[in-house]
Amino acid sequence: MLSERMLTAVMRQQGNKYLQLEDYAEPRLPAPVEGRDYLLYAHVPFCTRLCPYCSFNRFPFHRERATNYFAQLREEMRMVADQGFKPTSMYVGGGTPTVIVDELVKTIELAKDLFPIKEVSSETNPDHLIPEVVDRLTDLVDRFSVGVQSFDNDLLKQMERYSKYGSGEDIFKRIEWVAGRFHSLNVDMIFNFPSQTEAMLLRDVQMLKDSGTNQTTFYPLMASPAVEASLKATVGAVDYAREARYYEMLSESLSEAFNPASCWTFSHKVGGMIDEYIVDYEDYVGIGSGAFSFLEGNLYVNTFSLANYAERVGAGKGGADRRRVFGAKERMQYRFLMSLFGMSLDKREFEADFGVSIERGMPLEMAFFRTVGAFSVDNADRLELTPKGRYLLVSMMRQFFISVNNLRDQARGALSGAERELLFGDGDPESCAAAHPAAAAVEESTPDVPVGG
């Protein structure tokens, strides 16, 4: 698609230009703005094993290291409360937040004590869909998101996930078992793997519809420079030429039971919670090593070094040590991208916030989107997207996140030699087993999914 290729080229150029970090010397984040809504993002950078395509800040799990880290995470949370932030929503990402469920429970409970939290979202992996984990979280977590990526066994083997989490059929049974335990169960999937056929994609969609989940997020495969080599070695070189066709197929197949909640998140027609917190909350506070904060139009990045993070928190400092200050035009572009990714943009709100109409503030962008037929609604009040417009936003967000991953590479560049070696390790098998004995047993022999908690 010509329009997609043009947008990708522009997004790549802008990403290289805009997402360049500078040092941030202040001990804390800027103070909150009175009356503004904030989300609290907490990052848990530990996994029992590391996936080759993941660019997030993550390290091999070690129980003592992770236990100490959770304590530091809660201490940074107290600093955020002391500054006067009052987030109403919490999102715990990773890594694998459920890697030590007791520590996750303590962290969520503290957040609810410190802040007026109304909803909590947490990520997890298929091997943690077990009573020892799920039962502890059903009263604390509103939205539970499990990273599946695909139910196809050949793809799972290529991703090095088959040996970790079991077959696609085993994972399906686990999702069936946990469906209904949370207000929203989201299943993360990936489409456009090099070896993925149309039949494989449609089978993934059908299994999702049969599983009982009430939300799914289909991410396009993203090849940032940091993981491009490992991606090519495991799943093959990424080809974006068929991405639009695959997106159209999955959207049509899901439409019987799911409505689009964002351009790549689909919620069951009986309800669900949107997957992307950056759509509902323009401002968010990040805690933990590798977390991002977006405050008053500027980006703050917490240190990716576990050692440096521990030192900062021990000295009474927050985790942020780098930032990117954006100008007015860049903030408009960010609002345009994120609002339309969430399916609509409020023109009057845009003008009130930036002091200029979107037509005057972003004339080239508006002309392009109108020319290619991206808007289904384009009146004095709002913009909404056509199916073609939704795919264009998917391609823009794909390239945006590739640029964000490049930014993560900048932050990761400050890691010491010892932490670099740790980053590319395989984890401590004994510590992995100690985290969840029942989950560790799945690595060797996947039993039937339990039918009770």
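With the structure loaded, tell me whether Met207 is within 14 Å of Val148 (Cα to Cα), modelled with pLDDT of 95 or more and in contact with an Asp or Glu (Cβ under 8 Å, 6 or more places away or on another chain) or whether it fails that test. So Met207 does not fit the description; no. Filtering region 118-151 to residues that are part of a loop (DSSP other than H, G, I, E, B) and surrounded by fewer than 23 Cβ atoms within 10 Å (Cβ to Cβ) leaves Lys118, Thr138, Asp139, Leu140, Asp142. So which residues in region 90-117 are at pLDDT 95 or above and not in a helix (DSSP H, G or I)? Listed by number, the residues that qualify are Met90, Tyr91, Val92, Phe115, Pro116, Ile117.
When restricted to residues that are under 28 Å from the mean Cα position of the chain (by Cα) and of a type in the set (Ser, Thr, Tyr), region 361-388 contains 2.
Residue check: is Glu444 surrounded by fewer than 13 Cβ atoms within 10 Å (Cβ to Cβ), modelled with pLDDT under 70 and part of a helix (DSSP H, G or I)? Answer is no for this residue.
Looking at region 158-165, can you tell me whether even one residue there is modelled with pLDDT of 95 or more and either over 20 Å from Thr48 (Cα atoms) or outside any helix (DSSP H, G or I) (or both)? Checked region 158-165: no residue is modelled with pLDDT of 95 or more and either over 20 Å from Thr48 (Cα atoms) or outside any helix (DSSP H, G or I) (or both). Evaluating Leu340 against the criteria (1) out of contact with any helix residue (DSSP H, G or I) (no Cβ under 6 Å at 6 or more places or on another chain); (2) in contact (Cβ under 8 Å) with a residue 40 or more places away in the chain; (3) hydrophobic (A, V, I, L, M, F, W, C) leaves one unmet condition, (1).
Could you please find all residues in region 175-205 being in a helix (DSSP H, G or I) and in contact with a Phe, Trp or Tyr (Cβ under 9 Å, 6 or more places away or on another chain)? Residues satisfying the conditions are Val178, Glu198, Met200, Leu201, Arg203, Asp204, Val205.
Residue pairs whose Cβ atoms lie under 6 Å apart, separated by 6 or more positions or on different chains, with the first residue in region 372-392 and over 18 Å from Glu248 (Cβ atoms) and the second of a type in the set (Asp, Glu) and not in a loop (DSSP other than H, G, I, E, B), are Val377/Glu384; Arg382/Asp346. Candidates in region 43-74 are the residues that are modelled with pLDDT under 90 and polar (S, T, N, Q); of these, the one that is nearest to Ala307 (Cα to Cα) is Asn57. Within region 302-344, the set of residues being over 23 Å from Leu29 (Cα atoms) and touching a Phe, Trp or Tyr at 6+ places or on another chain (Cβ under 7 Å) comprises Leu337 only.
The values are calculated or read from the model by the stated rules, or taken from the named source; none is laboratory data. On a predicted model such as this, the values are computed, not experimentally measured, just so you know. Don't worry about glycine lacking a Cβ; one is built from the backbone with ideal geometry, like all the others, and counts go over all protein chains shown.
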